[in-house]
Amino acid sequence: MASANYYVPHTAKWPIVGSIGLFLLVSGFANWMNGSTIGPWMAIAGAATVILMMFGWFADVIRESEAGLYNDKVDASFRQGMIWFIFSEVMFFGAFFGALFYARIFAVPWIGGEGTGVMTNSLLYPEFQAAWPTNGPAGLGGDFKTIGAFELPLINTLILLTSGWTITMAHWALKKMQRKALVGWMLATVALGVIFLFLQSYEYVHAYRDLGLTLGSGIYGSTFFMLTGFHGLHVTVGSIMLLVIAFRCMKGHFKPDHHFGFEAVAWYWHFVDVVWLVLFLFVYVV
Amino acid sequence: MKRTNEMIVGLAMVAVISVITWALFAVGDNMTPGVTPFSKDVYQLHMIILGIVTVIGVLVFAAMFTSIYLHRKSRGAKAAQFTHSTKAEVTWTVIPILILVVMAVPATQVLIDMEDTSGAELNVKVTGYQWLWEYEYIEDEIQFYSALDRDSNYARQIGATRDPREVENYLLEVDKRVVLPTDTRIRFLLTSNDVIHSWWVPDLGWKRDAIPGMVNEAWTLIEEPGIYRGQCTELCGKDHGFMPVVIEAVTPEEYRAWVDSQKAEMAANDNAAERTWTRDELMTLGADVYAAQCASCHQGDGSGLEPAFPALAGSAVTVGAIEDHIDLIMNGRPGTAMAGFGQRLAAEDIAAALTYTRNAFGNETGDMVQPMRILKLKNGVVEGGVADTGPAGL
Amino acid sequence: MTTQTAHADDHHHEAPKGLARWLFTTNHKEIGSLYLIFSLAMFLVGGAMAMIIRAELFSPGLQLVNPEFFNQMTTMHALVMIFGAVMPAFVGLANWMVPMMIGAPDMALPRMNNWSFWILPFAFLMLLSTLFMPSGAPASGWTLYPPLSLQGGNSFAFVIFAIHLMGISSIMGAINIIATILNMRAPGMTLLRMPLFVWTWLITAFLLIAVMPVLAGAVTMLLTDRFFDTSFFNAAGGGDPVMYQHIFWFFGHPEVYIMILPAFGIISEIIPTFSRKPLFGYTAMVYATASIAFLSFIVWAHHMFTVGMPLGASLFFMYATMIIAVPTGIKVFNWVSTMWRGSMTFETPMLFAIAFVILFTIGGLSGVMLAIVPADFQYHDTYFVVAHFHYVLVTGAVFAIMAAAYYWLPKWTGHMYDERLGKIHFWWSTISVNVLFFPQHYLGLAGMPRRIPDYAVQFAEFNMISSIGGFAFGLAQLLFVYIVIKCVRGGEKATAQVWEGARGLEWTVPSPAPLHTFDTPPLVDDSLEHKDRLPS
Ligand code: HEA
Ligand code: HEA
Ligand code: CUA
Ligand SMILES: [Cu+2]
C-alpha cells in the first residue's frame, strides 16, 4: 500500500502557525520578565497556538500515515529526524551537566583556595572553605539542607526504570498485535510518569518549604533545580506524548511493522530515563 | 621544457610576492618589544611565528599564481587529469606538522618561564570598576583610584570643542599614575568590583582579565624607567574605551621616595574627616570626586544620559531629603549600575560629592554634608555588620 | 521568482499564489530562495551597522554616536551577520543544491523545512526590535559575557529568546539536511561519490546539532541568573563568570567552522569546474573536513587565554588549536593542486574562489599566530583579532557565498548574470576589502583594543584608511544586489550545463531548474562520480 514515490506534501499550513505561536510565546515571556502586564497573556496565547499547531500538524501526519502515503524512505527520514532531535537534547542537558561539573571540579575549589585560587581565597573569601553542596562564600539564599539520594529520588529512579520496562512490554504487545495488553502497558507507563512528576513536585515543595533549598541557594540550588527542572519538563512532555500514543493505540492505530510514532515516543522516553540516571548519580548520590 | 617554465615563473612569483609582503610589513606598525624580559620573549616569539607563516604564505601564493599564469586556457593549457598523489599528500601533511612543532617549542618555553611564581617583592592589587582602576600596594598600604584624565575626558565628549589631536596622550592619560619600581619582581593581583575588565600595558607583554569575585595573578619585572601606557581590553560597558592604565616606572630609590610622600599625604588626610570642613573646601574636593567617580555616568554637567543614567540636575534625590541621598550614595541601588560608594570612597570624598551635587548644576539646596557624619555612618556600617549591596561587600 | 517555468511533468495542482505560496511552500528550491533573500537582507542590515562603526572610527573623538550605541552596533552587527547573513545563506544553498546534487526529489522533511525558515524572520524581528527599546539593543558584544550582559535593559530577555528561536531553526534545518543526505541519495550515489559541498554540509549539520543546544543552555543560564536568582556566573554564590565563557566557546568555536566548512565545499566545487580538472585528493578532503570538525570541539579555550587558566590547560588548548592548521593546510594544498596543470578560465565565480583561497589562508595564518598563548597575551582583544576573523569570515565565508551565488545563479534563474559587472564587483570588492581589513592588523599590533568607539591619536591614520576601504566595500555590495536583481529579471539564456567544466547531477537538469527535479531518482554511475570529473 505504501506509495512508491517519496511523499512530499504540497503545502504546509501548520509551520507558519507554529512560528507565530513560538514568537508569541517567547516574546510574551520576555515582556513578562520585563514586568509588562500583557506578557502573560501573550505567552498563554502563544502556548495555545503552539499546542493547536501540534494537534493540527500531527493530525495531518497521522492521516497521511494511516492512508499509506509513507514509504520506507519516509519512515527512515522520520527515524533520522527523531534520532538527531534526541541527540540535540542530549547536548542541551550537556550544557547544564557541564556547569555542574565545572562548578564542582573547578569553580568551588578555586574559591576555596585550591591551586590557582590561593589568592582568590585569601584576599576575598578568607573564611570560605570549599565543600559540596555549597551556596558560595556569600551564603546566598541562606542555610539549606539537601535531599537525600536514597529517599524519594531512589523511589523515583525505580519508577522511571519500571516505566522503561512497561513501555518495552507495550512494544512487544504491539509487535504481537495484542491491543488490550498494549493499551494496558501504555497506560501503566503514563501512570508511572505522572507518579514521578507528582513525587518530584512534592519534593520541590518540601525543598522550598522545609529545607530552605531554592533556586537562589547559590550554585547548588542553581544546578539542582535547573537539571531536575528541565528533566521534569521533559518527563511532562514525554507523558503527554505517551498519552497521545495510548489514545491512538485505543483507536486502533499502528501495525506490527509500521508504528514509528510509537517508537519515537518510546525512544524519547528512554532518553528521559537515561538522563535521570545520570542526574541521580551526579546530583543526588555523589 | 614545461618544467623549467614552471620553475622560472615560480621563482619570479616568489620574488614579486616577497616584495609585496616586505612592503606591507614596512608600511605598518609592529608589536612593541616592551621593557620586561617576558615582553621581549613574546616579541621574539611573535617575530618567529610571523616569519614562519609569512614564508608559508609566500610559497603557497607563489605556487597558485604560477599556476594561474601558466595553466590558463587562454594560453592554450590542456588540463591534466591526475586526481591524487599519495607522496605529495603525505609530504604536505608531515611538513606542516614539523613546522608546528618548531613553533610550539619556543611558545611552550616562554609560557613556562612566565608561570614562574617565585619571590614577589611587591604586591599590587588592581581592582577594575566601571570605569576606573583602583590600586592597592599591599606592603606599603597605599591605595588610590586612577581614572581618565580631565583633558581627554573633556575632548572625548560628542560635540566637544576641543580636538582630540591637541590633547597630549589623548585617552592614554590618567589623573593618577601607578608608580612602580624598576628591577623589582612585582606581582599584580587582579580582580573587579562589577564586570570583567582586562588590564593591559603592551610594554609589559601581557594582559590579564580582572574578574569579579576571582583574583588573577600576573608578574612583571620592568627593566627600564619610563612611562608605559595601556588600556582596559575587555568590553566592560559604555566607557570601556575610556579607562586607561598608565605606569610610571622609576628606580627603586625614587619609588621609596614616592611611597614616603604618599604616606605623608595620607597621614595629613588621616584625620581629615574628623574636622569641620568649609563649604568651599567641600565644593572644590566635590568637583574633583564628581569628575572622577560620577561624571562618566551622570555627565559633567549633571544632565545624565537618559534613560540609562538619570540626570542629577534637579533630580528628586539630589534636591530631596538628605538622608535618602546619603543612603543612596553609600549603598547604591541594587540591580542597577549605581553602585554603593560607602566602601569605595573616603568619608570626606563622599561628603564632598554629596555637597557638590546638592549645590551644583542648579541644585541650590544650600545643604552641606560634613565628613564626620559620613564617617560615623561608615563606622556604624562596619560595627553593625550591615551588608553593603555591592560585590565588594562580600 | 526563479522557478515559475512550468515543467512538462509538473503534476503540481492548485499551488497557492502570491504570499501564501511562500508562506506554505514545502519545496526545497522555494525555501532555498527564501533563505537566500532573507540572508541578503540581513547582510545589508548588518553591513549598515558596520558602516556606522566604521564611520565613528573614521577619526579620533566621538562624532556620530555615543559609546553605548556604538557597543550596541558592534553587538548587533555580529549577531546579525553570523545568525542572519552567513548561516542562513549556507542553509539556503544547501536547500537549493543538496537535493539536486544527490538526486533527491526534495528535502527529507519538507514540512519541517518550511518551519525552519519561517522561525527566522520572527527571531530577527525580536532581535532587531530591541534597537527601538528605550534601553537600546544589547551592548555586551556578541559573546554576551556576564556580568556585563546581565546589566542590559529590557532588551536582554528579547535577545535571549531570539537566540533560542535561531537555535531551534538551525537545529531543525540541520536535522533536515542530515536526514536528506543520509537517506535520500539516488541509487549509486555512495557516500564517497557525493560532491564535496554535500560532504561539508553533512559534517556542518552535525556540528550544528551538537553545539546550538549548548548555546541555548548557556543563554538560558544567563536568563535565570538575571531573573530567577540563580548564581551560575556569580562567584558570591559559588559560580564563576568564566564558566559562561567555557560553555559559550564550546559552542562558539565549532560555530566558526559552521561558517567555513560549507564555504570549503563551495570552493571545492568551483575550482575543479573552472580548472577543467578533477578535484585533487577528494578522499583527503573528506577526511580533512571531518578532522577539522572533530578538533573544533577541543580548542574552545583559545578564546580565553587571558582569563587565567592553569598552565596545563593553556598548553593543551594551544597544541590542539595549532593542529587544525594541518587538515586545513591539506585543503589549501589540494585546491592549489587542482588548479595546477589545469586549463583555467576566470569567470566571476572562479575569481571569488581564488580570492577566497588566498585571503582565507591569510586569515588562517593569523589564526595560527593567535593560537600561540604568550603571543595571544598581546594580540587578544585587539584589532589583530578583528582582522583575523574578518579575513576568515568576510573574505572567507562571504566571498564563498558570493562565488556560490555567481556559480549557481544561472541554474536558479535560467539567465546568465552580467559577467562584466560581476568582474567589476569582484575587483572592487577584493581591493577594498583588503584596504578595509589589512590595516587592522597593524592597529592591533600597535595596541588598539577592539570594541572601543574612540581611540588614541596614534591609531588615526590606519583607522581612516580602514574606514575608507569599508565604505568602498559597502558600495560594492550594492552593485552585487543590482547584479542579482538584473539576473533574476532577465539576461542571456543559460544552458543546462552552464559551465563548460561543470560536472554533477545539478547540471543535468535544465536551467532554470524546474520546481520538481528527480521525482524518479536518477541512476548515478562513474561518469558522474565527483572525483572523476572529466573535461568535456
Ligand atoms: C570562519 C571563521 C573562522 C575560522 C575558519 C577561524 C580559523 C582559525 N582561528 Fe579564529 N576566530 C574567528 C573565526 C574563525 N577562525 C572569530 C569570529 C574569532 C573571534 C571571536 C570573538 O572574540 O568575537 C576568532 C578568534 C580566534 C582566536 C582567539 C583570539 C583572541 O581572542 O585572542 C584564536 C586563537 O587561537 C583563533 C585561531 C584560529 C585558528 C588557529 C584557525 C584555523 O582554523 C586556521 C587554519 C588555517 C590555516 C593555518 C591556513 C592554511 C594552512 C596552511 C597553508 C598550512 C600550513 C600552515 C601552517 C603549518 C601554519 N581564532
Ligand atoms: C560573518 C560575519 C561578519 C561580516 C560579514 C562582517 C562584515 C564587516 N564587519 Fe564585522 N564583525 C563580526 C562579524 C562580521 N563582520 C564579528 C563577529 C564582530 C565582533 C563583534 C564583537 O566584538 O562582539 C565584528 C566586529 C567588527 C568590527 C569591530 C567593532 C568593534 O570592535 O567595536 C568592525 C570595525 O571595523 C567591523 C567591520 C565590518 C565591516 C566594515 C564589514 C563589511 O564587510 C560589511 C560590508 C557590507 C555592507 C556595508 C552592506 C552593504 C551596503 C549597504 C547596506 C549600503 C550602505 C553602504 C554605504 C553607506 C557605503 N566588524
Ligand atoms: Cu574596563 Cu573595559
Ligand atoms: Cu576559535
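The values are calculated or read from the model by the stated rules, or taken from the named source; none is laboratory data. Nothing here was measured: the structure is a model prediction, and the numbers come from that model. All Cβ positions, glycine included, derive from the backbone under ideal geometry; neighbour counts span all protein chains shown. With ligands, DNA and RNA removed, areas are computed over all heavy atoms of the protein, side chains included. Shrake-Rupley method; radii C 1.70, N 1.55, O 1.52, S 1.80 Å.
Comparing A:Trp41, A:Trp110, A:Trp185 in a Gaussian network model of chain A, where Cα atoms under 10 Å apart are tied by springs, the biggest mean-square fluctuation is seen for A:Trp41. Placing a label point 7 Å from the Cα of B:Val102 along the Cα-to-Cβ direction, no residue of the range B:8-35 has a backbone N closer than 15 Å. Shape class for the protein assembly as shown: oblate, because the ratio a/c of the largest to smallest gyration tensor axis (alpha-carbon atoms, square roots of eigenvalues) is 1.5 or more and b/c is at least a/b.
When the alpha-carbon atoms of the range A:163-286 are used, the pair Rg, Dmax equals 16.8, 52 angstrom. Per residue, the range A:1-70 exposes an accessible area of 50 Å² to a 1.4 Å probe, with every protein chain left in place. Which percent of the accessible heavy-atom area of the protein assembly as shown goes to carbon and sulfur, probe 1.4 angstrom? Solvent-exposed carbon and sulfur of the protein assembly as shown make up 66 percent of the total. Amide H contacts of B:Met243 (H built 1.01 Å from N, in plane; Pro and chain starts excluded): B:Cys232 sit under 5 Å, all sequence-distant by 5 or more or on other chains.
Relative to its residue count, chain C spans a Cα convex hull of 143 Å³ per residue.
When the pairs C:Lys29/C:Lys277; C:Lys29/C:Lys411; C:Lys277/C:Lys493; B:Lys73/C:Lys411 are compared against a 20 Å limit on Cα-Cα distance, C:Lys29/C:Lys277; C:Lys277/C:Lys493; B:Lys73/C:Lys411 fall above it.
Only one residue of B:Thr336, C:Thr224, B:Asn363 has its Cα farthest out toward the positive end of the dipole of the protein assembly as shown, where Lys and Arg carry +1 and Asp and Glu -1 on Cβ, and that residue is C:Thr224.
Reducing the range A:25-45 and the range C:414-441 to their Cα centroids gives an inter-centroid distance of 45 Å. Each principal axis of the Cα atoms in chain B has its own extent, and those three values, largest first, are 98, 48, 39 angstrom. Computed packing ranks the peptides A:26-37, C:177-188 as C:177-188, A:26-37, most packed first, by mean other Cβ atoms within 10 Å. Taking amide hydrogens as placed 1.01 Å from N in the peptide plane, the amide H of B:Arg185 sits under 5 Å from those of B:Glu121, each at least 5 positions away in sequence or on another chain. Computed on chain C, with alpha-carbon pairs under 8 angstrom and 6+ residues apart, the relative contact order is 20 percent.
Return the residues of the range C:368-389 for which accessible area with all protein chains present is lower than in the chain on its own by 20 Å² or more; set the probe to 1.4 Å and exclude ligands, DNA and RNA. By number: C:Val368, C:Met369, C:Ile372, C:Pro374, C:Ala375, C:Phe377, C:Gln378, C:Tyr379, C:His380, C:Asp381. For B:Met114, neighbours were defined as the other residues whose beta-carbon sits under 15 Å from its Cβ, and their charges (Lys and Arg +1, Asp and Glu -1) total -1.
Charged side chains reduced to their Cβ positions (Lys and Arg at +1, Asp and Glu at -1) give the range A:101-251 a dipole of some 1180 debye around its Cα centre. Looking at chain B as a GNM with Cα springs under 10 Å, which of B:Val369, B:Val53, B:Val245 has the largest mean-square fluctuation? Ranking B:Val369, B:Val53, B:Val245 by mean-square fluctuation puts B:Val53 first. Chains C and A together bury some 5500 Å² of accessible area, summed over both sides, with a 1.4 Å probe. Here the peptides A:111-120, B:358-367, C:96-105 are ranked by packing, the mean other Cβ count within 10 Å, and the order with the highest first is C:96-105, A:111-120, B:358-367. Taking all Cα pairs closer than 8 Å and separated by 6 or more residues, the relative contact order of chain B comes to 12 percent. Each stretch of four or more DSSP H residues adds -39500 (n - 2.57); spread over every residue of the protein assembly as shown, this sum gives -19500 deg cm²/dmol at 222 nm. Computed on the range B:2-115, with alpha-carbon pairs under 8 angstrom and 6+ residues apart, the relative contact order is 35 percent. Taking a straight line from the alpha carbon of B:Lys125, these aspartates and glutamates sit under 16 Å away, with near neighbours fewer than eight places off in the same chain left out: B:Glu134, B:Glu136, B:Glu139, B:Asp140, B:Glu141, B:Asp194, B:Asp209, B:Glu217. Amide H contacts under 5 Å for C:Thr382: C:Arg450, restricted to partners 5 or more places along the chain or on a different chain, H placed in the peptide plane at 1.01 Å from N.
Reported to the nearest whole Å, the Cα centre-to-centre distance from the range B:23-91 to the range C:72-117 is 34. Using alpha carbons only, how many angstrom separate the centre of the range C:383-411 from the centre of the range A:238-286? Each part reduced to its Cα centre gives a spacing of 44 Å. Take each residue of peptide B:89-99, count the partner chain Cβ atoms within 10 Å of its Cβ, and average: the result is 5. Remark: accessible area buried at the C-B interface is about 8100 Å², both chains counted, probe radius 1.4 Å. Taking a straight Cα-Cα cut-off under 16 Å and skipping sequence neighbours fewer than 8 places away in the same chain, the lysines within cross-link reach of B:Lys40 are B:Lys207. Per-residue shielding of C:153-166, expressed as the average number of other chain Cβ atoms within 10 Å of the residue Cβ, stands at 4. Annotation for the range B:238-321: trypsin sites (Lys or Arg not before Pro) lying in DSSP loop with at most 16 further Cβ atoms inside 10 Å of their Cβ are B:Arg275. Per-residue mean of foreign Cβ neighbours for C:302-309 is 5 (Cβ atoms of other chains, 10 Å radius).
For the peptides C:486-496, C:430-440, residues were scored by their other Cβ atoms within 10 Å and the scores averaged per peptide; the highest-first order is C:430-440, C:486-496.
From the Cα gyration tensor of the range B:2-115, with a ≥ b ≥ c the square roots of its eigenvalues, which class applies: rounded if a/c is under 1.5, or else prolate if a/b is larger than b/c, or else oblate?
Because a/c hits 1.5 or more and a/b fails to exceed b/c, the range B:2-115 counts as oblate.
Going by a ≥ b ≥ c, the root eigenvalues of the Cα gyration tensor, does the range B:209-343 fall in the rounded group (a/c under 1.5), the prolate group (a/b larger than b/c) or the oblate group? Since a/c reaches 1.5 but b/c is at least a/b, the shape of the range B:209-343 is classed as oblate.
Taking every lysine pair in chain A that is 8 or more places apart or spans two chains, those with Cα atoms closer than 20 Å amount to 7.
Note that the range C:161-171 has calculated 3J(HN,Hα) couplings of 5, 4, 5, 4, 4, 4, x, 4, 4, 5, 5 Hz, one per residue in order, obtained from phi through the Karplus relation 6.51 cos²θ - 1.76 cosθ + 1.60 (θ = phi - 60°); glycine and proline are x. Ignoring lysines fewer than eight residues from B:Lys87 along the same chain, the ones with Cα atoms less than 17 angstrom from its Cα are C:Lys331. The calculated pair-distance distribution of the range C:29-118 uses every alpha carbon pair, bins of 10 angstrom beginning at 0, and gives 17, 36, 22, 15, 9, 2 percent.
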